[in-house]
1. Could we say that PRO116 is within 11 Å of the ligand (Cβ to nearest atom), part of a strand (DSSP E or B), of a type outside the set (Asp, Glu) and open to solvent by 20 Å² or more (accessible area, probe 1.4 Å) here?
2. Do you know which residues across the range 126-168 are within 11 Å of the chain's Cα centre (by Cα), in a helix (DSSP H, G or I) and within 12 Å of the ligand (Cβ to nearest atom)?
3. Of these, GLN129, GLN144, GLN90, which one is open to solvent by 50 Å² or more (accessible area, probe 1.4 Å) and touching a strand residue (DSSP E or B) at 6+ places or on another chain (Cβ under 9 Å)?
4. Taking ALA123, is it away from the ligand (no atom under 13 Å from the Cβ) and open to solvent by less than 40 Å² (accessible area, probe 1.4 Å)?
5. Please indicate, with yes or no, whether at least one residue in the range 46-61 is more than 18 Å from ALA18 (Cα to Cα) and within 12 Å of the ligand (Cβ to nearest atom).
6. Which of the residues that make up the range 1-60 are of a type in the set (Phe, Trp, Tyr) and closer than 14 Å to SER105 by Cα?
7. Six or more apart or on different chains, Cβ under 8 Å: which pairs go from a residue in the range 146-158 that's of a type in the set (Val, Ile, Thr) to one that's open to solvent by 70 Å² or more (accessible area, probe 1.4 Å)? Could you list them?
8. Out of the range 26-45, which residues are surrounded by 16 or more Cβ atoms within 10 Å (Cβ to Cβ), within 14 Å of the ligand (Cβ to nearest atom) and more than 23 Å from VAL121 (Cα to Cα)?
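The values are calculated or read from the model by the stated rules, or taken from the named source; none is laboratory data. Being a predicted model, the structure only gives us computed values, none of them experimental. Cβ placement follows ideal geometry from the backbone for every residue including glycine, while neighbour counts extend to all protein chains displayed. SASA here: full protein model, heavy atoms, side chains in, ligands and nucleic acids out. Shrake-Rupley method; radii C 1.70, N 1.55, O 1.52, S 1.80 Å.
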Amino acid sequence: MAVRRIIRMGHPTLRQVAAPVDAAALGDPGFKRLVEDMVDTLRDYGGVGLAAPQINESVRLAVIEIPGGPTRYGELPSMPLTAFVNPEVQVLDDAPNGVWEGCLSVPGLRGYVERPGHIRVSALNLAGQRVSLELNGFLATVFQHEFDHLDGKLYIDRMADTAKLMFDEEYLRYEAEPPADPP
Ligand code: ZN
């Protein structure tokens, strides 16, 4: 287990289309170690999702873990720690949902992105079984953001208006909802 360095925008690996994972390799010690490293790295950096290319491993694997509850970026729905192998996204309703996104590979910035608000995700789990999830709103955004990394895309590529790209501090000062009073 190890915390790995997250590569940042400008590193060429973030712009590559990642290779599919061979389902027969899911039990290999090297692959299990990669998943463990991704979980350690995600938790150490304090993100909600991490795609393998972000630690310079160009394979189609992402981990997502959302504790849920109130945060400085609003009330978040929860998602237990889950790994997704070779995921595919099907848009069920392309009515857009706007979210201020951030990315561990683009540290310190937030950008407003509209993405389809209702999707189905199909992927292999770590046991090699096909799993399917239907997701709405914020969760649909998180999954699309992470899986975009597997195609060499960053959220800034999805922005319609670069005036809505800003530093975290300015985002919190000028755009974020004021936090609710503590109980
Ligand atoms: Zn990202």
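1. no
2. Correct list: THR141, VAL142, PHE143, GLN144, HIS145, GLU146, PHE147, ASP148, HIS149, TYR155.
3. Going through GLN129, GLN144, GLN90 in turn, just one is open to solvent by 50 Å² or more (accessible area, probe 1.4 Å) and touching a strand residue (DSSP E or B) at 6+ places or on another chain (Cβ under 9 Å): GLN90.
4. Details: away from the ligand (no atom under 13 Å from the Cβ): yes; open to solvent by less than 40 Å² (accessible area, probe 1.4 Å): yes.
Judged against the criteria, ALA123 is a match.
5. yes
6. Listed by number, the list holds a single entry, TYR45.
7. ILE156/MET9; ILE156/THR162
8. Across the range 26-45, the qualifying residue is only THR41.
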